[in-house]
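Each remark here refers to the structure printed beneath this line.
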Amino acid sequence: MTEFTVHTYTAAEKGICVNSYLLETADGVLLVDANLLVADARALAARIAALGKPVLAAFVTHPHPDHFNGLPYVVGEDVPVHATTAVAKTIEETAAAKREQWQPTYGEQWPDRFRVPDQTLAGGGTVEVAGLRVHIHDLGPAESDADSYLLVEAGAQRAAFIGDLAFNGLHSYTADGHSAAWLAVLERVTGELSGLPLYPGHGRASDGTAMLTRQRQYLLMYREAVRRLSAEAPSLTPDQKAELTEIMSGYLPGAALGWLVGLGADAVAAELAAAGS
Ligand SMILES: [Zn+2]
């Protein structure tokens, strides 16, 4: 018997194709990640309203704006928002600067307020809500400064919500400069996630860990290309970034989010230069 149904809301490319997930049970709805732009957050709220059930809790997988920006538009102030302590702390410390960085690009679609998760678990833990057990696994830095994944259980039904550990079929955000740690985390979690349906922050859900393997291959390719182009310099020239984008576009032909390739180049070049010194 199915104990929960997963509904997916996916933003368009302007909203970084980010996924929000609604876990519907007999009692209500859980939200996993809240989307980036005001219009998408409002559409997500409408999707929840159409289910005709209350939102009982929200979860934030990691502290990037495409996963927490929409919270004030999607859940009421009385709804608990869960995350690891590291995720909450990073949101608190970076949300204002992120808005300053990105509001010129997104205008009024960038929310003018944000919400920090208020139900925090240091190092992860388990939340029981709506008849589900949600295990929050703290992963440390990987795609962001503080990543986690959620393992949701109800009876025999299990699923994992893996945040941005994998961009399934899309180009990846590498601008936080933790590509080595990300590779190590991918290797570490592959065993514990095998055989489960995986719901990534970007790209399609699927059963099995092939998306984690492909993410490792993408990051290895990206690092190798940055290493060769930068020749140990801590940043790339505009021409080198264009070449990197061409290389990665050849690696993932037709994939969305190609603009992320150049965005993360300096961070990874600096990471590699520091590791090599
Ligand atoms: Zn994301």
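The values are calculated or read from the model by the stated rules, or taken from the named source; none is laboratory data. Model, not experiment: these values are computed from the prediction. So basically every Cβ, Gly included, is an ideal-geometry build from the backbone, and we count neighbours across all protein chains shown.
Looking only at segment 150-182, count how many residues are of a type in the set (A, V, I, L, M), within 12 Å of the ligand (Cβ to nearest atom) and either outside any loop (DSSP other than H, G, I, E, B) or under 23 Å from I247 (Cβ atoms) (or both).
4
Out of the residues in segment 152-200 meeting the condition of being of a type in the set (D, E) and surrounded by fewer than 19 Cβ atoms within 10 Å (Cβ to Cβ), tell me which one is nearest to E128 (Cα to Cα).
Once the filter is applied, the top-ranked residue is E153.
Cβ-Cβ below 8 Å, separation at least six or inter-chain, first residue in segment 228-249 and farther than 13 Å from A267 by Cα, second assigned to a helix (DSSP H, G or I) and polar (S, T, N, Q): which pairs?
Pairs that qualify, where the first residue is farther than 13 Å from A267 by Cα and the partner is assigned to a helix (DSSP H, G or I) and polar (S, T, N, Q), are L229/Q240; Q240/S230.
Determine which single condition L139 fails, assuming it passes every other condition in (1) outside the structural domain of E224 (by TED's automatic domain parsing); (2) more than 16 Å from the chain's Cα centre (by Cα); (3) at pLDDT 95 or above; (4) hydrophobic (A, V, I, L, M, F, W, C).
(2)
Would you say Y222 is touching a strand residue (DSSP E or B) at 6+ places or on another chain (Cβ under 9 Å) and among the aromatic types (F, W, Y)? Reasoning before the result, please.
Values: touching a strand residue (DSSP E or B) at 6+ places or on another chain (Cβ under 9 Å): no; among the aromatic types (F, W, Y): yes.
Against the criterion (touching a strand residue (DSSP E or B) at 6+ places or on another chain (Cβ under 9 Å) and among the aromatic types (F, W, Y)), Y222 does not qualify.
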